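Asker: The structure under discussion is supplied below as structure tokens; questions concerning it will follow.
The values are calculated or read from the model by the stated rules, or taken from the named source; none is laboratory data. Nothing here was measured: the structure is a model prediction, and the numbers come from that model. So basically every Cβ, Gly included, is an ideal-geometry build from the backbone, and we count neighbours across all protein chains shown.
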Ligand code: GAL
């Protein structure tokens, strides 16, 4: 056999060995997901940033027991090249331990952190939902932290209620001039009509709009948006961020008034914007919802429940609540639904439900797979 042939056979065998090593690992929704240290990934209500061909997963670092739902540590960060092997990159944003007056003092509620990268400033920008310590969910604020390195450390900048003194773009003159009796029962017909008309926008006009469950979205033109449950969780607000992503421009819209959407996740496909969300039932799962728009600032059209499967699966979003939709690197137009299966009595044990998104009559839909891998997208 010639020397050349030997080299060829050797090269071929090495390639085959390499291929075998790279066999795709399974994604097993709802199971323990060990990180590089063998510990269950601790990044709940997560958000994902694709940066330098790597996925960065940011999420709530929970601790044991019921008290573990509060922020006792901060925001975790993990990295992965393949969505199955995750390296713990440590705590990206740490709560403050030595100042009870600080907005993110230990024991506050810090939820659904999301990170985006600003090309112009070179900064990594994190926004999250913040509830001040010992105030339940009354504060309804969003907060900003910034870093020079993707994994952090992130420095806390501020917390606020957005868009103080600014009307939504889709508010009419009539709505701006309406008057309300804030003591009315917001759950009866009259109350509901007032909420739909913007009673809470007006109530919060001076101090800024409420901001709870949230996500961020960066569009192809580099503009970024902050999407959150506002108005006592009744209505989603989609808010434009400034060029540095660290503030609000004042342009915002109300979406689905009083439809009570939480857990928003946004993705873009074929020039359309899609939103997944949930209803408002706290840690308990409820039917998923979806919507589509040609412009992120609306009009949005409801597409109904995005889950397909048994009655129970469809009514509980496979026992999960949406948190993000991951665009798969190198697989144009392929997306993964990411949800949390909360374990409120032992917060650290919360599980992750990730499932591939498929399409049905131009609607994004999600079906249950107890085990799947990324080759799904090559079918
Ligand atoms: C959920 C929300 C979670 C958390 C929880 C607290 O509805 O999506 O992020 O805030 O309520 O009960």
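Asker: Do the conditions hold for residue 232, that is, is it surrounded by fewer than 24 Cβ atoms within 10 Å (Cβ to Cβ), farther than 14 Å from residue 178 by Cα and within 16 Å of the ligand (Cβ to nearest atom)?
Answerer: In short, yes.
Asker: Does residue 279 meet the test of being within 16 Å of the ligand (Cβ to nearest atom), over 16 Å from residue 336 (Cα atoms) and in contact (Cβ under 8 Å) with a residue 12 or more places away in the chain?
Answerer: So residue 279 passes the test.
Asker: Would you confirm whether any residue within the stretch 300-308 is away from the ligand (no atom under 16 Å from the Cβ) and over 30 Å from residue 221 (Cα atoms)?
Answerer: Yes, because at least one residue in the stretch 300-308 is away from the ligand (no atom under 16 Å from the Cβ) and over 30 Å from residue 221 (Cα atoms).
Asker: Ok, one more. For the stretch 111-125, which residues satisfy the criterion of being within 16 Å of the ligand (Cβ to nearest atom) and buried (at least 24 other Cβ atoms within 10 Å of the Cβ)?
Answerer: Passing the criteria: 112, 113, 114.
Asker: Given the criteria buried (at least 19 other Cβ atoms within 10 Å of the Cβ), within 16 Å of the ligand (Cβ to nearest atom), farther than 29 Å from residue 359 by Cβ and touching a residue at least 40 places away in the same chain (Cβ under 8 Å), does residue 210 qualify?
Answerer: Criteria met by residue 210.
Asker: Now a separate question. What residue, of 287, 356, is over 17 Å from residue 47 (Cα atoms) and either at pLDDT below 95 or in contact with a helix residue (DSSP H, G or I) (Cβ under 6 Å, 6 or more places away or on another chain) (or both)?
Answerer: 287
Asker: To continue, here is another question. Looking only at the stretch 320-367, count every residue that is surrounded by 19 or more Cβ atoms within 10 Å (Cβ to Cβ) and in a strand (DSSP E or B) and tell me the total.
Answerer: Count: 23.
Asker: What residue, of 254, 186, is away from the ligand (no atom under 16 Å from the Cβ) and buried (at least 21 other Cβ atoms within 10 Å of the Cβ)?
Answerer: 254
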